[in-house]
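Worksheet: the structure to be examined is printed underneath.
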Amino acid sequence: MPAFITLNSVSLTTPDARPLFDGLTLSVGQERIGLVGRNGCGKSTLLNLIAGDLAPASGSVHRAGTVGRLEQVPDETLTVAEALGVAAGLACLKRLEAGEGRVSDAAAADWTLEARLAEALSQTGLPGMDLTRRMRTLSGGERTRVMLARLLLAAPDVLLLDEPTNNLDTDGREAIGDLLVRWTGGVVVASHDRAILERVDRIVELTPVGVTVFGGGWSAFKTARDAARARADAELERTGNALKRTEREAQAAREKQDRRDKRGRATRAKGDAPKMLLDARKQRAEATRARGGDVAERLTEAGREAFEAARARVAVETPLHIDLPQTGLPPGRDLLALRDVAMTRGGGACSGR
């Protein structure tokens, strides 16, 4: 399968030179790839890199295909035709059909546009859409479908989606899911939406301790990730315990040697043994202390290296903690009650109790 995008040992940093990730090698072909990771890990930055909006800190990017991005917040003052990017093309065709076209119109005319437009609107659930409507008159789901139709018209080889289901209604989320199923090119989607991530072929996880590429959707990835984290945590605990044990043994050996040295100094102070014998004992004690110290230092250093290597494989996640002030109200007290409420969102109405 030919690759549209190839990343070779790519590293990315923030504008203030903080490392995001290092050594990412990835090819994007006719497949769906999900980007996952905590906020701030570099998912959006990686999409910008793939789109060609920035350069890597190191490594290289090769593009053998076109790239398109889903615009999440289109200008609400535009007409549907303008948002689709077809207003000028349709106006050109209209002038030619009315016999008012110029030579430049004939050269620029795309006689397939109307058919392709009708097909794109049909595929996105908007057949017969009034192209003169303003985007602000559409629901959130309809706006998303319009922007999906724009992508279908452009037909890029690789589609980039950055949290595409955020702030969308049910229709909008379904439209994104349908796009993933139907798209025949490559897709790279950064998302926390598990329903979307279940539809991908591969998942790339960005973490402070490295990049993991996993074949499969969210459920299979989560199972494998949790197992890997458990192994890493167990290895960290094992090496930590081994390091503590080595340090305790080294300290016990030093204390034992100190006691021997103390007895030797006491014997030497008495002066009731031949000096030659005392000197020989002193030399042996010094040699023993030196050998013991060298061995203990090597074992301790090896233990520290093993511990640091294990710790480097464990992503440290600081839990979110929020201190809320006491309200002084008794438990179970109703603070707000709504009845027969009606509201609108994105042009659509909903009601409830």
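None of the figures in this text is laboratory data; all of them are computed from the coordinates on show. Just so it is clear, the structure is predicted and the values come from calculations on it, not from any experiment. As a convention, Cβ positions derive from the backbone with ideal geometry for all residues, glycine included, and neighbour counts pool all protein chains shown.
For the range 95-101, backbone phi angles converted through the Karplus equation (6.51, -1.76, 1.60; θ = phi - 60°) give residue-by-residue couplings of 5, 5, 5, 8, x, 10, x Hz, Gly and Pro being listed as x. Label sites at LEU336 and GLN251, each approximated as a point 7 angstrom past Cα along Cα to Cβ, lie 5.5 nm apart.
Simple spin-label estimate for ASN166 and ALA91 gives 3.3 nm between the two label positions (7 Å along the Cα-to-Cβ direction from each Cα).
Once backbone amide H atoms are built at 1.01 Å from N, GLU31 has GLY186, VAL187 as its partners under 5 Å, excluding neighbours fewer than 5 places away on the same chain. As a proxy for reagent exposure, LEU206, LEU161, LEU324 were ordered by neighbouring Cβ count within 10 angstrom, fewest first; the result is LEU324, LEU206, LEU161. Segment THR25..SER11, full-extension length gain: 4.1 nm, with 0.36 nm per residue of separation and the alpha-carbon distance subtracted.
The 3J(HN,Hα) values that the Karplus relation (6.51, -1.76, 1.60; θ = phi - 60°) gives for the range 45-51 are, in residue order, 5, 5, 5, 5, 5, 4, 6 Hz. Gly and Pro appear as x. Note on SER60, SER11, SER139: ascending count of other Cβ atoms within 10 Å places them as SER60, SER11, SER139, the fewest first.
Loop-located GluC sites (Glu not before Pro) in the range 1-83 (DSSP state not H, G, I, E or B) with no more than 10 neighbouring Cβ atoms inside 10 Å do not occur.
Check PHE21: other-chain or 5+ apart residues with amide H under 5 Å from its amide H, H built from backbone geometry? Result for PHE21 returns LEU12. Distant-in-sequence amide contacts of ARG69, defined by a placed amide H-H separation under 5 Å and a gap of 5 or more residues or a different chain, comprise LEU160.
May I ask you to list the trypsin sites (Lys or Arg not before Pro) in the range 122-203 that are in a DSSP loop and have at most 10 other Cβ atoms within 10 Å of their Cβ? Here no loop site has a sparse enough neighbourhood.
Think of the range 84-182 as having a plus end and a minus end, set by charges on the Cβ of Lys, Arg, Asp and Glu; of GLY99, ALA115, GLY141, GLY99 sits farthest toward the positive end of this dipole. Note on ASN48 and ALA106: the extension gain reaches 17.2 nm, defined as 0.36 nm multiplied by sequence separation minus the Cα-Cα distance. Extension gain, THR137 to LEU113, is 6.2 nm, computed as 0.36 nm per intervening residue step minus the present C-alpha separation. Residues THR112, THR13, ranked from the fewest to the most other C-beta atoms within 10 Å, line up as THR112, THR13. Per-residue 3J(HN,Hα) values for the range 189-198, derived from phi via the Karplus relation 6.51 cos²θ - 1.76 cosθ + 1.60 with θ = phi - 60°, read 10, 9, 7, 9, 7, 5, 4, 5, 5, 5 Hz in sequence order (x marks Gly and Pro).
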